[in-house]
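The values are calculated or read from the model by the stated rules, or taken from the named source; none is laboratory data. Nothing here was measured: the structure is a model prediction, and the numbers come from that model. Cβ placement follows ideal geometry from the backbone for every residue including glycine, while neighbour counts extend to all protein chains displayed. Heads up: the accessible areas ignore ligands, DNA and RNA and are worked out on the full protein's heavy atoms, side chains in. Shrake-Rupley method; radii C 1.70, N 1.55, O 1.52, S 1.80 Å.
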Amino acid sequence: SAETAVGEHPTTAVTTLMDIAFEAHAYVCQPHFFQSMLAVQSRPMQPEESVASSAVNSAQELGAKAIIALTTSGSSAQMVSKYLPPCPVVAVCKKKGTAKKLNLVRGITPYYYEGIENDERLDRIEKSLSLMVEIGMVEKGDLVVAVHADRTTGYANLARVIEV
(Lines give C-alpha, C1' and ligand atoms only; values in the text may rest on other atoms or scores of the structure.)
Protein backbone atom coordinates (compact mmCIF):
# COMPACT_ATOMS: atom_id res chain seq x y z
CA SER A 1 0.00 0.00 0.00
CA ALA A 2 1.33 3.44 -0.91
CA GLU A 3 -0.25 4.75 2.28
CA THR A 4 2.45 3.01 4.33
CA ALA A 5 5.27 4.74 2.42
CA VAL A 6 3.99 8.25 1.74
CA GLY A 7 0.63 8.56 3.46
CA GLU A 8 -0.32 10.42 6.61
CA HIS A 9 -1.45 7.28 8.49
CA PRO A 10 1.08 4.49 7.84
CA THR A 11 0.47 2.72 11.16
CA THR A 12 -3.28 2.61 10.57
CA ALA A 13 -2.71 1.33 7.02
CA VAL A 14 -0.45 -1.50 8.19
CA THR A 15 -2.82 -2.42 11.03
CA THR A 16 -5.75 -2.53 8.61
CA LEU A 17 -3.82 -4.67 6.12
CA MET A 18 -2.84 -7.04 8.94
CA ASP A 19 -6.47 -7.33 10.09
CA ILE A 20 -7.55 -8.13 6.53
CA ALA A 21 -4.81 -10.77 6.15
CA PHE A 22 -5.75 -12.46 9.44
CA GLU A 23 -9.44 -12.49 8.49
CA ALA A 24 -8.66 -13.95 5.06
CA HIS A 25 -6.39 -16.58 6.60
CA ALA A 26 -9.08 -17.63 9.09
CA TYR A 27 -11.57 -18.03 6.24
CA VAL A 28 -9.20 -20.02 4.01
CA CYS A 29 -8.28 -22.58 6.70
CA GLN A 30 -11.68 -24.23 6.70
CA PRO A 31 -12.42 -27.93 6.13
CA HIS A 32 -14.26 -27.26 2.85
CA PHE A 33 -11.09 -25.76 1.36
CA PHE A 34 -9.20 -28.91 2.34
CA GLN A 35 -11.84 -31.00 0.56
CA SER A 36 -11.55 -28.74 -2.52
CA MET A 37 -7.79 -29.19 -2.59
CA LEU A 38 -8.16 -32.93 -2.19
CA ALA A 39 -10.73 -33.13 -4.99
CA VAL A 40 -8.35 -31.72 -7.62
CA GLN A 41 -5.49 -34.11 -6.86
CA SER A 42 -4.76 -36.70 -9.50
CA ARG A 43 -5.36 -40.32 -8.59
CA PRO A 44 -3.61 -42.45 -7.64
CA MET A 45 -1.71 -40.00 -5.42
CA GLN A 46 1.99 -40.19 -4.86
CA PRO A 47 2.75 -41.63 -1.39
CA GLU A 48 4.16 -38.34 -0.05
CA GLU A 49 1.07 -36.46 -1.24
CA SER A 50 -1.21 -38.95 0.47
CA VAL A 51 0.74 -38.70 3.73
CA ALA A 52 0.67 -34.88 3.65
CA SER A 53 -3.08 -34.71 3.02
CA SER A 54 -3.72 -37.39 5.65
CA ALA A 55 -1.69 -35.44 8.21
CA VAL A 56 -3.79 -32.32 7.60
CA ASN A 57 -7.00 -34.34 7.78
CA SER A 58 -5.86 -35.90 11.07
CA ALA A 59 -4.96 -32.48 12.47
CA GLN A 60 -8.47 -31.24 11.61
CA GLU A 61 -10.22 -34.30 13.01
CA LEU A 62 -8.20 -34.33 16.25
CA GLY A 63 -7.94 -30.60 16.86
CA ALA A 64 -4.14 -30.90 16.80
CA LYS A 65 -2.21 -27.81 17.85
CA ALA A 66 0.55 -28.25 15.27
CA ILE A 67 2.00 -30.43 12.53
CA ILE A 68 5.72 -31.22 12.67
CA ALA A 69 7.38 -32.01 9.35
CA LEU A 70 10.93 -33.37 9.42
CA THR A 71 12.40 -32.17 6.15
CA THR A 72 15.68 -31.87 4.31
CA SER A 73 14.60 -30.03 1.17
CA GLY A 74 11.42 -28.44 2.52
CA SER A 75 9.09 -30.24 0.13
CA SER A 76 7.32 -32.27 2.83
CA ALA A 77 6.47 -29.14 4.83
CA GLN A 78 5.36 -27.30 1.69
CA MET A 79 3.13 -30.20 0.68
CA VAL A 80 1.48 -30.19 4.11
CA SER A 81 1.04 -26.40 4.00
CA LYS A 82 -0.61 -26.64 0.58
CA TYR A 83 -3.62 -28.36 2.19
CA LEU A 84 -4.24 -25.31 4.42
CA PRO A 85 -4.05 -26.98 7.83
CA PRO A 86 -5.92 -25.33 10.72
CA CYS A 87 -2.72 -25.24 12.80
CA PRO A 88 0.89 -24.18 12.28
CA VAL A 89 3.32 -26.42 10.43
CA VAL A 90 6.70 -26.61 12.16
CA ALA A 91 9.33 -27.61 9.62
CA VAL A 92 12.32 -29.21 11.34
CA CYS A 93 15.14 -28.60 8.86
CA LYS A 94 18.60 -30.12 8.60
CA LYS A 95 19.84 -27.28 6.37
CA LYS A 96 19.91 -23.57 7.15
CA GLY A 97 19.06 -22.75 3.55
CA THR A 98 15.90 -24.81 3.74
CA ALA A 99 14.83 -23.06 6.94
CA LYS A 100 15.42 -19.65 5.33
CA LYS A 101 13.42 -20.64 2.25
CA LEU A 102 10.50 -21.91 4.33
CA ASN A 103 10.18 -18.54 6.09
CA LEU A 104 8.43 -17.45 2.89
CA VAL A 105 5.81 -20.22 2.85
CA ARG A 106 2.35 -19.59 4.31
CA GLY A 107 1.67 -21.34 7.57
CA ILE A 108 5.18 -22.75 8.10
CA THR A 109 7.42 -22.00 11.06
CA PRO A 110 10.88 -23.34 10.23
CA TYR A 111 13.20 -24.68 12.93
CA TYR A 112 16.82 -25.30 11.97
CA TYR A 113 17.93 -28.44 13.77
CA GLU A 114 21.58 -28.23 14.71
CA GLY A 115 21.82 -31.84 15.84
CA ILE A 116 23.95 -34.62 14.49
CA GLU A 117 23.04 -35.47 10.92
CA ASN A 118 22.04 -39.07 11.68
CA ASP A 119 19.97 -38.38 14.82
CA GLU A 120 16.95 -40.61 15.03
CA ARG A 121 13.73 -39.07 13.78
CA LEU A 122 11.97 -39.57 17.10
CA ASP A 123 14.80 -37.70 18.84
CA ARG A 124 14.36 -34.76 16.48
CA ILE A 125 10.61 -34.78 17.05
CA GLU A 126 11.14 -34.86 20.83
CA LYS A 127 13.58 -31.93 20.71
CA SER A 128 11.16 -30.00 18.51
CA LEU A 129 8.30 -30.65 20.92
CA SER A 130 10.45 -29.39 23.80
CA LEU A 131 11.11 -26.17 21.91
CA MET A 132 7.42 -25.79 21.06
CA VAL A 133 6.48 -26.18 24.74
CA GLU A 134 9.20 -23.71 25.71
CA ILE A 135 7.87 -21.01 23.38
CA GLY A 136 4.23 -21.69 24.31
CA MET A 137 3.09 -23.12 20.97
CA VAL A 138 1.86 -26.33 22.62
CA GLU A 139 1.40 -27.56 26.16
CA LYS A 140 1.18 -30.86 27.93
CA GLY A 141 -1.81 -32.91 26.77
CA ASP A 142 -2.02 -31.25 23.32
CA LEU A 143 -1.98 -33.42 20.21
CA VAL A 144 0.57 -32.90 17.44
CA VAL A 145 0.80 -34.69 14.09
CA ALA A 146 4.32 -35.58 12.91
CA VAL A 147 5.23 -36.23 9.27
CA HIS A 148 8.55 -37.84 8.38
CA ALA A 149 10.30 -40.55 6.38
CA ASP A 150 11.40 -43.90 7.64
CA ARG A 151 14.97 -45.07 7.01
CA THR A 152 14.21 -46.70 3.65
CA THR A 153 12.71 -43.84 1.63
CA GLY A 154 13.77 -40.38 0.55
CA TYR A 155 10.36 -38.86 1.11
CA ALA A 156 7.85 -38.45 3.94
CA ASN A 157 5.94 -41.71 4.14
CA LEU A 158 4.81 -41.70 7.79
CA ALA A 159 2.35 -39.63 9.80
CA ARG A 160 1.87 -40.18 13.51
CA VAL A 161 -0.15 -38.56 16.27
CA ILE A 162 1.78 -37.60 19.38
CA GLU A 163 0.45 -36.39 22.72
CA VAL A 164 2.71 -33.74 24.21
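Determine the pairs where a residue that is over 15 Å from residue 58 (Cβ atoms), located within segment 125-151, has a partner that is open to solvent by less than 50 Å² (accessible area, probe 1.4 Å) and of a type in the set (Phe, Trp, Tyr) with Cβ atoms under 9 Å apart, the partner being 6 or more residues away or on another chain.
Here the result reads 127/113; 128/113, each pair linking segment 125-151 to a residue that is open to solvent by less than 50 Å² (accessible area, probe 1.4 Å) and of a type in the set (Phe, Trp, Tyr).
Residues that are more than 27 Å from residue 39 (Cα to Cα): find the helices (runs of 4 or more DSSP H) completely inside segment 58-164 holding 2 or more of those.
96-102, 121-134
How about segment 77-134: which of its residues are open to solvent by 60 Å² or more (accessible area, probe 1.4 Å) and of a type in the set (Gly, Ala, Ser)?
Passing the criteria: only 130.
All but one of (1) open to solvent by less than 50 Å² (accessible area, probe 1.4 Å); (2) part of a helix (DSSP H, G or I); (3) without any contact (Cβ under 8 Å) to a residue 60 or more places away in the chain hold for residue 41; which doesn't?
Failed condition: (2).
Please verify whether segment 15-27 includes one or more residues that are farther than 21 Å from residue 136 by Cα and either open to solvent by less than 30 Å² (accessible area, probe 1.4 Å) or touching a Phe, Trp or Tyr at 6+ places or on another chain (Cβ under 6 Å) (or both).
Checking segment 15-27: not a single residue is farther than 21 Å from residue 136 by Cα and either open to solvent by less than 30 Å² (accessible area, probe 1.4 Å) or touching a Phe, Trp or Tyr at 6+ places or on another chain (Cβ under 6 Å) (or both).
Restrict the check to segment 63-76 and report whether at least one residue is among the hydrophobic types (A, V, I, L, M, F, W, C) and either open to solvent by 30 Å² or more (accessible area, probe 1.4 Å) or in contact with a Gly (Cβ under 7 Å, 6 or more places away or on another chain) (or both).
Taking every residue of segment 63-76 in turn, none turns out to be among the hydrophobic types (A, V, I, L, M, F, W, C) and either open to solvent by 30 Å² or more (accessible area, probe 1.4 Å) or in contact with a Gly (Cβ under 7 Å, 6 or more places away or on another chain) (or both).
Between a residue in segment 6-17 that is on the phi < 0 side of the Ramachandran plot and any residue that is loosely packed, with under 13 Cβ neighbours inside 10 Å, which pairs come within a Cβ distance under 9 Å, given they are 6 or more apart or on different chains?
As it stands, the answer is 7/1; 10/1; 13/1; 13/2; 13/7; 14/1; 16/1; 17/1, since those pairs meet every condition given.
Can residue 51 be described as part of a helix (DSSP H, G or I), of a type in the set (A, V, I, L, M) and in contact with a strand residue (DSSP E or B) (Cβ under 7 Å, 6 or more places away or on another chain)?
Answer is yes for this residue.
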